[in-house]
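Comments concern the structure below.
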Amino acid sequence: MAAAAIPPEHVLRALLALDPAMTLQRYYGERAVFYNPGRAAPLGVIVASVKDHDGPNDRRANLSRPDVYRLAFGLTRTIFAELFGDVPARPPKGGVVALPDHALTALDQLMPHPVYAWMSWVQILNPTTARCDSLRDLLTSSLDLARDRWRRRRA
């Protein structure tokens, strides 16, 4: 029997606990965690998101299945390349990234994001507690990336 997915609310709470400057916002139909020190910006810099339904340009992960959600977050290009090879090309507007070697509907597997892999974003559908624990360093790296982007924007 497969391990149960951690509830998305637990994932969001764990992300928010990484830094007091994190905020939770509704963003394009998703729940997104932003780095926003002092709430100095309307949103801040996105760190991760949780989505539980397909969107008009994003059906490849089949998120509209019952009780399925996606945790998505960004990585540096270097880390993405170490995990998955070269960062794929940007698709045409409204298109999806060409990812023939990935089963984008698979649960509890880290893989490139079907729409935002060209920006070094990854997804995991219905992560288990063990998988979330194994992602801690990658999620911290995502937060570090957001902090760097925040500093560059504020400079």
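The values are calculated or read from the model by the stated rules, or taken from the named source; none is laboratory data. Note that the coordinates shown come from a computational prediction; the quantities given were computed from them, not determined experimentally. Positions of Cβ are generated from backbone atoms using ideal geometry, with glycine treated the same way; all protein chains shown enter the neighbour counts.
Please work out if residue 153 is surrounded by fewer than 16 Cβ atoms within 10 Å (Cβ to Cβ) and either under 14 Å from the mean Cα position of the chain (by Cα) or assigned to a helix (DSSP H, G or I) (or both).
In short, yes.
Taking only the range 80-116 into account, find how many residues are touching a Ser or Thr at 6+ places or on another chain (Cβ under 6 Å) and closer than 16 Å to residue 139 by Cβ.
Residues that pass the stated criteria total 2.
Go through the range 119-138 residue by residue and tally those that are under 11 Å from residue 76 (Cα atoms) and either without any contact (Cβ under 8 Å) to a residue 12 or more places away in the chain or in a helix (DSSP H, G or I) (or both).
2
Checking residue 81 against (1) under 26 Å from residue 13 (Cβ atoms); (2) part of a helix (DSSP H, G or I), which test does it fail?
It is condition (1) that residue 81 fails.
Is it the case that the range 95-112 has a residue that's modelled with pLDDT of 95 or more, touching a Lys or Arg at 6+ places or on another chain (Cβ under 6 Å) and surrounded by 15 or more Cβ atoms within 10 Å (Cβ to Cβ)?
So far as the range 95-112 goes, yes, one or more of its residues are modelled with pLDDT of 95 or more, touching a Lys or Arg at 6+ places or on another chain (Cβ under 6 Å) and surrounded by 15 or more Cβ atoms within 10 Å (Cβ to Cβ).
Does at least one position in the range 18-31 carry a residue that is under 19 Å from residue 124 (Cα atoms), under 14 Å from the mean Cα position of the chain (by Cα), hydroxyl-bearing (Ser, Thr, Tyr) and in a strand (DSSP E or B)?
Taking every residue of the range 18-31 in turn, at least one turns out to be under 19 Å from residue 124 (Cα atoms), under 14 Å from the mean Cα position of the chain (by Cα), hydroxyl-bearing (Ser, Thr, Tyr) and in a strand (DSSP E or B).
Condition check: part of a helix (DSSP H, G or I) and more than 21 Å from residue 46 (Cα to Cα). Does residue 146 satisfy that?
Taking the combined requirement at face value, the residue does not satisfy it.
Answer yes if at least one residue in the range 27-41 is within 16 Å of residue 143 (Cβ to Cβ), polar (S, T, N, Q) and surrounded by fewer than 19 Cβ atoms within 10 Å (Cβ to Cβ), and no otherwise.
No, because not a single residue in the range 27-41 is within 16 Å of residue 143 (Cβ to Cβ), polar (S, T, N, Q) and surrounded by fewer than 19 Cβ atoms within 10 Å (Cβ to Cβ).
Hey, any hits in the range 70-88 for a residue that's modelled with pLDDT of 90 or more, loosely packed, with under 13 Cβ neighbours inside 10 Å and among the polar types (S, T, N, Q)?
yes
Would you pick out the residues in the range 34-56 that are in contact with a Phe, Trp or Tyr (Cβ under 7 Å, 6 or more places away or on another chain), in a loop (DSSP other than H, G, I, E, B) and aliphatic (A, V, I, L, M)?
Matches in the range 34-56: 43 only.
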